[in-house]
Amino acid sequence: MGASLRRYLENTFHTQVINFYGASESLALGVEADPTEGVLLFDDMNVIEVENGVMYLTCLYNFSQPLIRYRLADRLTIEAPDEHSRCPFSKAVGLLGRSEDIFWFEDEEGNREFLHPLAIEDFCVEGLLDYQFLQTGNNAFEMRAEISQSALEAMIREKIDRQMDQILKEKGLSYVEFTVHFVEQIFPDPHTGKKRLVLQPYREEARRAG
């Protein structure tokens, strides 16, 4: 959960938001009640190990399909429990969640800069049901947006453009071209059954050409 989504939910419901960390391999990996405290890992339910930046999971409660040192694509470091902490659990530091392909852009002078999907997946726009990003060039990408039938395209486009312009400006990527393309539905990947946040046919075509 991103910071802006947390603020939106707290302001809307006027209550504290609890952020749960889980995956298909273990629905209960950790929890974050206070952003300043970080994500506390459920050490009593899982064994989470990190070696050379790679995360391995051993689930202690799944007896139907045991997973022993199952490799996940998440990125994090583990901090030992603080003796003064109210909870005797390890803490996840620098948690990036399930990793996605990173956008790499290049300006006219050949300088390269990246944009991580976690920086752009936190859109809270009324009427926006789902979205997906597609890199279309070395300095361009688009958002495929699925909206409700009652939503106005022009209004949603304006809000998305405004938020994205701010994100790109903060990252020093003002030269990157961004467009919004409205689609009827965003379909899951036929191989995994999951909806991909980022599509990069531009990079895949460049790899094949190279």
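Which residues, counting only those in the stretch 54-82, are within 14 Å of L41 (Cα to Cα), of a type in the set (A, V, I, L, M, F, W, C) and assigned to a loop (DSSP other than H, G, I, E, B)? Matches in the stretch 54-82: L60, L76, A80. When only residues in the stretch 57-72 that are without any contact (Cβ under 8 Å) to a residue 40 or more places away in the chain and surrounded by 14 or more Cβ atoms within 10 Å (Cβ to Cβ) count, which is nearest to the chain's Cα centre (by Cα)? Top of the filtered list is L57.
Taking the stretch 112-132 on its own, how many of its residues are in a strand (DSSP E or B) and at pLDDT 85 or above?
Step one: of the stretch 112-132, the residues in a strand (DSSP E or B) are 112-115, 128-132.
Pick out the ones that are also at pLDDT 85 or above and you get 112-113, 128-132.
Selection size over the stretch 112-132: 7.
The values are calculated or read from the model by the stated rules, or taken from the named source; none is laboratory data. Not measured: the values here are computed from a predicted model. In this analysis, Cβ positions are derived from the backbone assuming ideal geometry, glycine residues included, and neighbour counts consider all displayed protein chains.
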